[in-house]
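K.L.:
Just dropping this structure here.
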Amino acid sequence: MVRKTSGLHRKTRHKLRKWRSKTPPVTVSRMLQSFSIGERVVVDIHPSVQDGRPHPRFNGRVGVVVGRQGEGYKVLIRDGNAEKTLVSLPIHLKRVA
């Protein structure tokens, strides 16, 4: 019998895919961008970087930076009535325009 996998990236083939022409390249400035505490950010998962990636269900959500943890940032996100804290590298975050 074949056993079904239940990993973190299961069923994300289309969720995390971006067309090559629309995907920004991995640049040093995007990896080293800094955010201040209280700044609003959008979780935008970069598909070619697996490190520091938040769960795919939070892709596109808006949150508030509440602190740092190592090289990443803690982002507070509302999920229904609950508040959840994500830890993500800056390449997976964008400023709210």
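Bear in mind that the values in this text are calculations on the coordinates, not laboratory data. Every value quoted in this text rests on a predicted model; they were computed, and no experiment measured them. Reconstructed Cβ throughout: ideal geometry from the backbone, glycine too, with neighbour counts over all protein chains shown.
K.L.:
Hey, which lysines would be in cross-link range of Lys84, C-alpha to C-alpha under 20 Å, not counting anything within fewer than 8 residues on its own chain?
P.N.:
The reachable lysines, counting only those whose Cα sits under 20 Å from Lys84, are Lys74, Lys94.
K.L.:
Give the order of Ile91, Ile37 when sorted by the count of other beta carbons within 10 angstrom, beginning with the fewest.
P.N.:
Ile37, Ile91
K.L.:
For the chain, give the magnitude of the charge dipole about the Cα centre (Cβ charges: +1 Lys/Arg, -1 Asp/Glu; no others), in debye to the nearest 20.
P.N.:
Numbers: 21 positive and 6 negative charges, 128 e Å.
The calculation lands at about 620 debye.
K.L.:
Whole Å is fine, so just give me how far the alpha carbon centre of the stretch 10-42 lies from that of the stretch 61-82.
P.N.:
Rounded to whole Å, the Cα centres lie 15 Å apart.
K.L.:
What ranking do Lys11, Lys18, Lys4, Lys74 get, fewest neighbouring Cβ atoms within 10 angstrom at the top?
P.N.:
In increasing order of surrounding Cβ atoms, one gets Lys4, Lys11, Lys18, Lys74.
K.L.:
Label-point separation (nm) for Ile37 and Arg68, each offset 7 Å from Cα along Cα-to-Cβ?
P.N.:
1.2
K.L.:
Give me the extension gain from Asn81 to Ser29: residue separation times 0.36 nm, minus the current Cα-Cα distance, reported in nm with one decimal.
P.N.:
This chain segment gains 15.2 nm when fully extended.
K.L.:
Follow-up. Let me make sure I get this right: for the chain, a, b and c are the square roots of the gyration tensor eigenvalues over alpha carbons, sorted descending. Under 1.5 in a/c it's rounded, otherwise prolate if a/b > b/c, else oblate. Which is it? Please report the intermediate quantities before stating the final value.
P.N.:
Working: a/c = 1.90, a/b = 1.29, b/c = 1.47.
Oblate, because a/c is 1.5 or more while a/b does not exceed b/c.
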